[in-house]
Amino acid sequence: MPGPSRRSRTGASKRDIHRASRTRARTKDLDQVQLEDLLPENKAKLENQPLDETLPGLGQHYCIECARYFESDVALKGHSKTKVHRRRLKDLKEPAYTQAEADAAVGLGVDKTQRSLNNDGQAIKIDS
């Protein structure tokens, strides 16, 4: 009699292909757009780009907030009405996540709520 059947090994390959496609099509993060692309001098450069045959629409139709190129002006205007674009605008209104906030979240940096102790074990009040 034959032995037991081997287990099915089909899930991992699908997962890896999907993961690779997600990272390949990744756009700029919100903090990159806020700190770089929305500055007036960079915004002017992105709106008036030279012709580039490798980009969709020769690089002339670019959504700065979403960091995406479009084939035509009609497609860009249609994109401006979508939920994806409006949600991105809403997220860009919030301030960017800074390194100081990240350090505070993991417990690094100065803890302003801690009280110091003097030599006899009494808490010293700190006026702020």
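The values are calculated or read from the model by the stated rules, or taken from the named source; none is laboratory data. It should be emphasised that the depicted structure is a prediction, and the values quoted were computed from it without experimental measurement. So basically every Cβ, Gly included, is an ideal-geometry build from the backbone, and we count neighbours across all protein chains shown.
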request  = Search region 62-105 for residues being farther than 18 Å from residue 25 by Cα and touching a strand residue (DSSP E or B) at 6+ places or on another chain (Cβ under 8 Å), and hand back the single one that is surrounded by the fewest Cβ atoms within 10 Å (Cβ to Cβ).
outcome  = 80
message = Could you tell me how many of the residues in region 13-55 are of a type in the set (Ser, Thr, Tyr) and under 30 Å from residue 100 (Cα atoms)?
response = 2
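Got a sec? Which of 91, 111 is modelled with pLDDT of 90 or more and either acidic (Asp, Glu) or under 17 Å from the mean Cα position of the chain (by Cα) (or both)? Don't jump to the end; show me each part of the working.
Working: 111 fails: modelled with pLDDT of 90 or more.
Answer to the selection: 91.
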inquiry  = Consider region 12-55. How many of its residues are of a type in the set (D, E, K, R), loosely packed, with under 10 Cβ neighbours inside 10 Å and at pLDDT 90 or above?
reply    = 2
